[in-house]
Each structure stands twice: as structure tokens, then as C-alpha cells.
Amino acid sequence: MKKILVIGGNGQLGNCIRKIAPDFELDYEFVFTDSQMLDITKQDQVDSFFREHKPDFCINASAYTAVDLAETEKDKAYAVNAGGVDHLAQACKEYQTILIHVSTDYVFDGETNLDYSEDDFTNPVGVYGSSKRKGEELAMESNPETVIIRTSWLYSEFNKNFVKTMLHLFPQKDQLGIVADQFGQPTNANDLAEAIMKIIEAKEKTFGIFHFSNYPETTWFEFAKKIAEFSKSEIQLNPLTTEQYPTPAKRPKRSTMCLDKIEETYHIEPKHWENSLEECIQILTKP
């Protein structure tokens, strides 16, 4: 039986993998960790953990994701998103473990009207995106047998995310202003978890960078409108410009990613974001 190590087992993606793990228990043993069990910023802890468990696959679902806070906590963001990834990649190489590392659309600056391919030039506009891009580079340098999956606007029924924040705010407010000039692709973390397991189960592995999200593109404003519709909220939503909603960290204006490569290579067909959102809302709002 092959062993899958899941780093960040209590995060959004980690919980989604935990949710479907019983479906694969005949073929795989899952080991879930959190930062209390394994601090990936410490090389000795990573080495010791790999020495004990010797996983066949390592899914890195952990990250420093506080986009705005990263602007003032640069060292912490880089320690997790770059240094920690490097530690995992080095251990994976030593123990012949396949690393599946989750990255972000924020490695792009968003200054284009075209969908980004995996080979397009990266130019992060904030510390979070820069630290994640550095993690990508270190992972591929340290362990060529790495699959990097860039995803975007992740949400689920677990932990904090935009969907749960909206559902929390809707009953408390008469109206809300939502940014309407930033474009991206919402991604249900449950869909990402299933995609990762398809890659693990694939007989032939192709390594490198892949893009995965739901499709097509939308704005935060249109995303919020659908959340309101599916949750039957009557809140008034008002479109804002980025200038009207300043944040410490700059965001890409349009970080839409091309999804062809993962579909052609691993036969993973992304879902329409509205369908995946409706499924999540049903889970979150059922009595």
C-alpha cells in the first residue's frame, strides 16, 4: 500500500482531501499533518518526519495565505512559501517521493487580456505572489519529480474563505460593496482535491507546472452575486473599483489561467464555477 503525506491537513484543501480519503483507503494510506505536528520551515523536522514515514507522495496543501499581512510579514511568508517548500522538495528527492505542490495565480501580474499558460512570464505584484513563485522555483530545482498546481480563488465548506465570509455578512448587512474590476476563476477546493487524486492515480506521471481551477472567469462582484442567489439572500450588492477598495497588497487585475494542459495530460476536466459553487452553498446552508 502506498503512502500519501498531506502537509496542511487542517486547511481548506487538506480537509477536502481528508473528506475523500476513505474512497481510496484500499490503495493508499494517508498521513495528515498540521504545523503543530510538522513545521516545514525547520529542515530537521522535515527530514525526521520523512525518515519515519517514507511517503510515496507528498501533497503540500500548506501555505502562508494572508495576502495583505504578507506585505509586513515578508520573512514569515517566505519561510513557509519558499523555504518550507524547498525543505519538502529536498526530502522528497532523498526518499524518492513525488511532490505535489499547490501554488497560485498570484504569480502573475494580471496585466493582460489573455489567459495565462504555464509557460508565461511570471511577475508577482505582492509579497504573497513573490514568495509562492520562489517556492515553485525551489521545488523544481530541488526535486524534478514535482507536480506544481497553480489554482485560484479557493473556497470550500471548510475554514475561512470568500464564500463563507459572504454567507456570514449577508444576514448582517443591508448592502455590501464588492470589487468588480478584478477577474479570476473561483475554485472549489473539493474539485482540486479530486484532481490531485487523479494525478496520483495516473499510471504515467508528467512533472512540471499545471493550472487548475473552475471556469470561466468572473469578477469578485459577480461571484458574490451568485453566492447571494444560491443562498437566497436579498442583500443589495454594489460594484466597486479597486481604487474604491484599497488594500495593503496589490492584486492582479486579471489572473485568468488556461486549463488546457492539465486536461490534455491528465484528462482532468474542470467544472463550471457556478455548478461547483451551488454544490458548496447547498452544503453550507442545509439545515
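Assorted remarks:
- Placing a label point 7 Å from the Cα of ILE283 along the Cα-to-Cβ direction, the residues of segment 137-180 whose backbone N falls under 11 Å from that point are 155-159.
- Across segment 44-165, Cα-Cα pairs farther apart than 26 Å form 24% of the total.
- Put a plus charge on the Cβ of each Lys and Arg, a minus charge on the Cβ of each Asp and Glu, and nothing anywhere else: the dipole of segment 134-205 about its Cα centre is then about 220 debye.
- Here the simple spin-label model places points 7 Å from the Cα toward Cβ, and for HIS168 and LYS19 these points are separated by 1.8 nm.
- Estimated FRET transfer efficiency (GLU29, ASN275; beta-carbon r; R0 22 Å; 0.05): 0.10
- Positive-pole candidate from THR165, TRP153, VAL46, dipole of the chain, charges at beta carbon: THR165
- Alpha-carbon spread of segment 147-287, three principal axes, descending order, Å: 53, 39, 22
- Size of charge dipole - the chain - debye, nearest 20, with Cβ of Lys, Arg +1 and Asp, Glu -1, no other charges: 620
- Helical contribution to [θ] at 222 nm, DSSP H n ≥ 4, -39,500 (n - 2.57), averaged over the chain, rounded to 500: -10500 deg cm²/dmol
- Measuring between alpha carbons in the structure, the pairs from LYS42/LYS198; LYS205/LYS225; LYS19/LYS226 lying more than 32 angstrom apart are LYS205/LYS225.
- Rounded Å value of the spacing that divides the Cα centres of segment 215-250 and segment 19-48: 35
- Only protein atoms count toward the accessible area here, which uses a 1.4 Å probe; on segment 160-199, the carbon and sulfur part of that area reaches 51 percent.
- Segment 209-275: GluC sites (Glu not before Pro) falling in loop per DSSP and having at most 15 other Cβ within 10 Å: GLU234
- Of all DSSP beta bridges confined to segment 152-263, the antiparallel ones make up roughly 20%.
- Over segment 191-256: Rg over Rh, Cα atoms, Kirkwood Rh: 1.12
- Per residue solvent-accessible surface (Å²) - the chain, probe of 1.4 Å: 47
- Based on the Kirkwood approach, the hydrodynamic radius assigned to the chain is 19.4 Å, with every pair of different Cα atoms included.
- Taking 0.36 nm per residue of sequence separation and removing the Cα-Cα distance, the THR247/THR112 pair yields an extension gain of 46.5 nm.
- Of the accessible area of segment 1-109, computed with a 1.4 Å probe over protein heavy atoms only, carbon and sulfur atoms account for 46 percent.
The values are calculated or read from the model by the stated rules, or taken from the named source; none is laboratory data. Keep in mind it's a predicted model, so treat the numbers as computed, not measured. Virtual Cβ from ideal backbone geometry, glycine too; neighbours counted across all protein chains shown. These accessible areas exclude ligands, DNA and RNA; they are computed on the full protein's heavy atoms, side chains included. Shrake-Rupley method; radii C 1.70, N 1.55, O 1.52, S 1.80 Å.
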